[in-house]
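Peer 1: Just dropping this structure here.
The values are calculated or read from the model by the stated rules, or taken from the named source; none is laboratory data. Computed from a predicted structure; not experimentally measured. Here the Cβ is made from the backbone with ideal geometry for all residues, glycine too, and neighbour counts use every protein chain on show.
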Amino acid sequence: MAATIRPGQSRSGERIPFYRNVKVIGFLVQLIFLALVLLALLLLYRNISTALGKSRLPADFGFLDDRAGIPIAEAPIRYTPEYPYSRALLVGVLNTLKVSLVGVALTSLLGVLIGVMRLSQNWLLRQIATIYVATLRNTPLAVQIVFWFTAVLSPIPPRILNAAELPGGILFSNKGLAFPWLYPSYRFLAWLPWLLVALVVLIILYLVRRRQIFLSDRPGNPWPLPLLAAVVIGAVGYLVAGAGNKLPEGIAVDFNSSRGRGTVFIDANGNGRFDNDESPVPFAATTVRLSEGELTTNTQNITESGRIVHSVFRFPLIEEREVGAVEVTFVNEEDAGGFALRFTRFPTTGMVYEDRNGNGAFDRGEELEEGATTGFGNVELLLTVKDFERAVVADRDGQIRIPAFKSVGFTAQKAREEAGGSSNPFSIFSPMQSGAGGETAELAAEVDLRRSGPLVLSKPSVPVSNYVGGIRLTTSYLALLLALVVYTASFIAEIVRAGIQAVPKGQREAAQALGLSNYHTFSLVVFPQALRIILPPMISQYLNLTKNSSLAPLAAFGELFVVSSIMANQTGASIPMTVILIVSYVLISLVFAVILNLVNERIKLVER
Amino acid sequence: MALTRKPPKAQTGVLMWLRRNLFSSPANGILTIVTSVILAGAVINLLRWTLFAASWERVWVNLRLFAVFRYPVEQLWRPMVILAVIMGLLGASVGVARHGSSRILRDVYRNILGLVLALTLVALVFWESVRWLWLMVSLTSLAGYLLGAVRPRVARALPWLWAISFPVGLLLLYGVTPGSGFLPIVKGHDWGGFMLTLILTTGLIPSFPLGVALALGRRSKLPAIKYFCIGFIEIIRGAPLITWLFIASLLLPLILDTDPTNLPAVLRAYVAITLFSAAYMAENVRGGLQAVPIGQEEAARALGLSGWQTTRLIVLPQALRAVIPAIVGQAIALFKDTSLVFIVGLNDFFNVAKDIVANQPESLRIPGGIQLELSLFLALTYWFFAYRMSTASRQLERQLGVGER
């Protein structure tokens, strides 16, 4: 019979010396390891503290309250460079989330599409999908971002002044996309209780209906009644909350017509001016009226290929219904040297041409090309509008903005005074250059606050040289999003294909034998099973997409990494910024992973 | 009575193929036609642009910048000698294994050799300064193959030669004496172009032992070591490479308490890349370790092997063999990700195109710039190497898979 051997005892029964005892060795090894790690950390701490002592750079987080001064073009919350660093950082985090969440949704769609295409019965589609995957996943994401940003989305779309109007009021140009958007107005708070009630009713009714259906033991859909009830309550609430004409106490508009901009705000001290300590009213609907006004422009336009064309002129986007009468003339007849003028259409564009055959109309070949008419380019054009009226919804910071009209006669007079003076041939809008102090005559502009419901529809427009109103997606954002989506989709496509192929063939055959159509076989039998295989690797791709959004500096998009690196360079606070960067990314990854793993748990096959 | 039947419909031939693959149903037919019209339009436009509208001259003129950036012309023999030695070693390895099963390595060697020969031809005609250097590279690669094939005994020396070539190559590239003596030092900020991209990709080599150590540490039964490794791996993997490159350039001078100018950006980027790949390598290796059946370890212990011997002789060889495709995949990812070193101001292949060539006055004078040409050139070059590696990885996967079953 074998004797039992206790730990710490050899077979012959004598005690093992401690240096051969596995437990003791393990303990000692850990001790030595910890000592080494501690030593390294101490060394690190000493070096860093002496280096910091020498350079006097900030080593704590106190600098976060200082003024940031970082311009971020696209912020989901109110932000100006006057805000502190902490706010800039928050904007960065929100921008990271904005690009990665939208990216995850879009890349899933595209990835599944390509993955399914790879298994299509159609040879052509299969080949296209295969080429898509083989090329895009083997090209660096950095190259793809540069491609979309600098080679496609910046140079190719129309310039901002010539923004293309897509159906649905969407504007598209080299400054990105802008589309109409519903914003909560100051009435929204009155509607909020109704919404909450609707939500509660929805949940309760849903539970009740589900129970009823369960008890009645018959098939049925528990959704229609609860949804209908919730929508009715919401709609009634909307009407009630929007009824009457209750504007907030002390609301006022400070509008400077010669700059074309103003602010809607609560006038706390009643002086009619917007002071720094007064709070702006976001998303207030206003109507701006001008009885008469002028805008100037010149005919130099730079085309998409970088060529200068003298013939075409443009004014800021003005719709035909916004004006009573409109007229375009030369500012200085004598400078125009016999050229003729044609005001083509809304949005306010037209062309100047040389009427060589004297028929009073434009014919091909009469346009003023570069080189064809040397010295031309100083001719300014004047747009005079009567009864201009535009509905403007204030921005998040209470700002409203229209084209900067001058009072009638002002521009012509100024031009005459300056005749012969040098003018910058590349300035398209002289109104932007504010006249010498006090010279600008104020224009009589009326700004009315419009009644609005809890939600207000804001439409984008181009008053000067960028979008105002609506929701704007900058070129940077679009380029980054597009590159991330297209790149990640090539990985997701492979995951989807492998997942679908892993579903046993018998499942498909059985479904077909039961008489299910191709579509139903796929959507009801194959895909749900494939999803369980697909999801875990998909989650890691989603995390990759989120982390890859840090390539944003290549598209000049102000997300977490870009903001942090600017902060680190401005303040020199390397240690705090390192901690912030790592903690933020690890946290974002962790939150993503936890949520997605919860989803995974839910759809996972329940095994015994 | 003979039963007469019509012959079955032909299942082969061009028409049947078309019918089966493109026009199997009306919907499918419409899809095919619509897709091919769009595709044809895209391809024609792309071809027209590539051949007629695009200005490739700026790419052609700047090829040296793309290849080695500002590495001095009179010192160009150094990178070329390294290339020649590597090609020679590769040739010898393939030559030795001629009769073996490593068809994949041979195919890769053939592809690279083809590229080298093509470049040699171009060099002989157009590039005066490196004409003979390219010829040397070609000859060395062929000579290596012949040597390996004729004298299989060199196989014994090959691993050592490969091992030495890495540090010696870096030393040769950097130089020995400051100023203009024997092998003058070429500072890191003059390194760049595709050469730098390849150098940074070799960060995978030092990351391999680190990764194996981390993977073993993560599986260790000693909690201190285990949790240290888990923490290291997960924190590194939690944040993207670009942040680590940035952090390395901020922190390394502080940690080592030296002036930032003493630490060339190349070195900082290299450290960041190595540590970053080590974390990912560790996870790959861990996958391999988990794939080794527990019985292997138990059998080894039963034979009386010590814990370390078991790991070294039984577990690791099997685990590492299983993760070769994953490591090739990681190499592809790293090769692509080296483009991120633009953030620390390094002029690798990507940054030379994006920053230097795109902003040359001559490039800016071209209407519309040459961004499109440059990004296509970049994409194509990266793609060529990454795609070749990925096909090799797939072949490897298949080969190893067959071996297992």
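Peer 1: Whether any residue in the stretch B:62-70 is surrounded by 12 or more Cβ atoms within 10 Å (Cβ to Cβ), among the basic types (Lys, Arg) and under 23 Å from A:Met117 (Cα atoms) is what I want to check. Show your work before the answer.
Peer 2: Taking the stretch B:62-70 as the starting set, the residues that turn out to be surrounded by 12 or more Cβ atoms within 10 Å (Cβ to Cβ) are B:62-70.
When the remaining residues are screened for being among the basic types (Lys, Arg), the result is B:64, B:70.
Now restrict to residues that are under 23 Å from A:Met117 (Cα atoms): none.
No.
Peer 1: While we're looking at this one, here's another question. Taking the stretch B:234-257 as the search range and keeping residues that are under 15 Å from B:Thr338 (Cα atoms) and of a type in the set (A, V, I, L, M), which one is nearest to the other protein chains (Cβ to nearest Cβ)?
Peer 2: Per the criteria, the residue is B:Ile242.
Peer 1: A further question on this structure: Kindly indicate whether any position in the stretch A:94-115 is closer than 30 Å to A:Asp277 by Cα and either modelled with pLDDT of 85 or more or assigned to a loop (DSSP other than H, G, I, E, B) (or both). Outline the logic, then answer.
Peer 2: Restricting attention to the stretch A:94-115, the residues satisfying the condition of being closer than 30 Å to A:Asp277 by Cα are A:94-95.
Now restrict to residues that are either modelled with pLDDT of 85 or more or assigned to a loop (DSSP other than H, G, I, E, B) (or both): A:94-95.
Yes, the stretch A:94-115 contains at least one residue that is closer than 30 Å to A:Asp277 by Cα and either modelled with pLDDT of 85 or more or assigned to a loop (DSSP other than H, G, I, E, B) (or both).
Peer 1: Here's something else I'd like to know. Is it the case that some residue within the stretch B:38-47 is of a type outside the set (A, V, I, L, M, F, W, C) and not assigned by TED's automatic domain parsing to the domain that holds B:Thr140? Spell out how you get there, then give the answer.
Peer 2: Looking only at the stretch B:38-47, we keep the residues that are of a type outside the set (A, V, I, L, M, F, W, C), and these are B:41, B:45.
Next, only the ones that are not assigned by TED's automatic domain parsing to the domain that holds B:Thr140 stay: B:41, B:45.
Yes, the stretch B:38-47 contains a residue that is of a type outside the set (A, V, I, L, M, F, W, C) and not assigned by TED's automatic domain parsing to the domain that holds B:Thr140.
Peer 1: Which condition number in (1) within 30 Å of A:Glu494 (Cα to Cα); (2) surrounded by fewer than 17 Cβ atoms within 10 Å (Cβ to Cβ); (3) out of contact with any Ser or Thr (no Cβ under 8 Å at 6 or more places or on another chain) is the one that A:Gly115 fails?
Peer 2: Failed condition: (2).
Peer 1: Then there's this: Do you know which of the residues in the stretch B:219-233 that are more than 7 Å from chain A (Cβ to nearest Cβ) and either at positive phi or aromatic (Phe, Trp, Tyr) (or both) is nearest to the chain's Cα centre (by Cα)?
Peer 2: B:Phe232
Peer 1: Does B:Ile235 satisfy being within 24 Å of B:Trp308 (Cα to Cα) and either in contact (Cβ under 8 Å) with a residue 24 or more places away in the chain or in contact with a helix residue (DSSP H, G or I) (Cβ under 8 Å, 6 or more places away or on another chain) (or both)? I'd like the intermediate steps shown before the answer.
Peer 2: Numbers: within 24 Å of B:Trp308 (Cα to Cα): no; either in contact (Cβ under 8 Å) with a residue 24 or more places away in the chain or in contact with a helix residue (DSSP H, G or I) (Cβ under 8 Å, 6 or more places away or on another chain) (or both): yes.
So B:Ile235 does not fit the description; no.
Each row is one residue, and each column tells you yes or no for (1) among the charged types (D, E, K, R); (2) surrounded by 15 or more Cβ atoms within 10 Å (Cβ to Cβ); (3) modelled with pLDDT of 75 or more.
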residue	(1), (2), (3)
A:Ala325	no, no, yes
A:Leu341	no, yes, yes
A:Pro347	no, yes, no
A:Gly358	no, no, no
A:Asp363	yes, no, no
A:Glu367	yes, yes, no
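Peer 1: Another question, if that's okay. Hey, could you check the stretch B:328-347 for residues that are in contact with a helix residue (DSSP H, G or I) (Cβ under 7 Å, 6 or more places away or on another chain) and free of Cβ contacts under 8 Å to residues at least 60 places away in the same chain and say which is farthest from the other protein chains (Cβ to nearest Cβ)?
Peer 2: Here is the first cut: in the stretch B:328-347, the residues in contact with a helix residue (DSSP H, G or I) (Cβ under 7 Å, 6 or more places away or on another chain) are B:328-332, B:334-347.
Then drop every residue that is not free of Cβ contacts under 8 Å to residues at least 60 places away in the same chain, which leaves B:336, B:342.
Numbers: B:Lys336: 4, B:Phe342: 7 Å.
Residue satisfying both the conditions and the ranking: B:Phe342.
Peer 1: Still on this structure, I have one more. For the stretch B:348-402, name all the residues that are more than 30 Å from A:Thr130 (Cα to Cα) and either small (Gly, Ala, Ser) or without any contact (Cβ under 8 Å) to a residue 40 or more places away in the chain (or both).
Peer 2: Across the stretch B:348-402, the qualifying residues are B:Asp355, B:Ala358, B:Asn359, B:Pro361, B:Ser363, B:Leu364, B:Arg365, B:Pro367, B:Gly368, B:Gly369.
Peer 1: May I pose another question? Scan the stretch A:127-139 and tell me whether some residue there is of a type in the set (Lys, Arg), assigned to a helix (DSSP H, G or I) and either at pLDDT below 90 or in the same structural domain as A:Ala489 (by TED's automatic domain parsing) (or both).
Peer 2: Initially, the stretch A:127-139 is screened for residues of a type in the set (Lys, Arg), giving A:137.
Checking which are assigned to a helix (DSSP H, G or I) leaves us with none.
No.
Peer 1: Moving on. Please go through the stretch A:250-273 and pick out each residue that is in contact with a strand residue (DSSP E or B) (Cβ under 7 Å, 6 or more places away or on another chain), more than 20 Å from A:Gly469 (Cβ to Cβ) and surrounded by fewer than 20 Cβ atoms within 10 Å (Cβ to Cβ).
Peer 2: A:Gly250, A:Ile266, A:Asp267, A:Gly272, A:Arg273
Peer 1: Would you mind finding the one in A:Arg15, A:Arg20, A:Arg56 that is more than 8 Å from every other protein chain (Cβ to nearest Cβ), under 24 Å from A:Thr578 (Cα atoms) and surrounded by fewer than 13 Cβ atoms within 10 Å (Cβ to Cβ)?
Peer 2: Working: A:Arg15 fails: under 24 Å from A:Thr578 (Cα atoms); A:Arg20 fails: under 24 Å from A:Thr578 (Cα atoms).
On inspection, the qualifying residue turns out to be A:Arg56.
Peer 1: Of the conditions (1) out of contact with any Ser or Thr (no Cβ under 6 Å at 6 or more places or on another chain); (2) at pLDDT 90 or above; (3) assigned by TED's automatic domain parsing to the domain that holds B:Phe384, B:Ile164 fails just one. Which one is it?
Peer 2: Tallying (1) out of contact with any Ser or Thr (no Cβ under 6 Å at 6 or more places or on another chain); (2) at pLDDT 90 or above; (3) assigned by TED's automatic domain parsing to the domain that holds B:Phe384, B:Ile164 fails exactly one: (3).
Peer 1: Name the residue that is farthest from A:Arg187 (Cα to Cα), counting only residues in the stretch A:274-314 that are modelled with pLDDT of 80 or more, in contact with a strand residue (DSSP E or B) (Cβ under 7 Å, 6 or more places away or on another chain) and not in a strand (DSSP E or B).
Peer 2: A:Phe274
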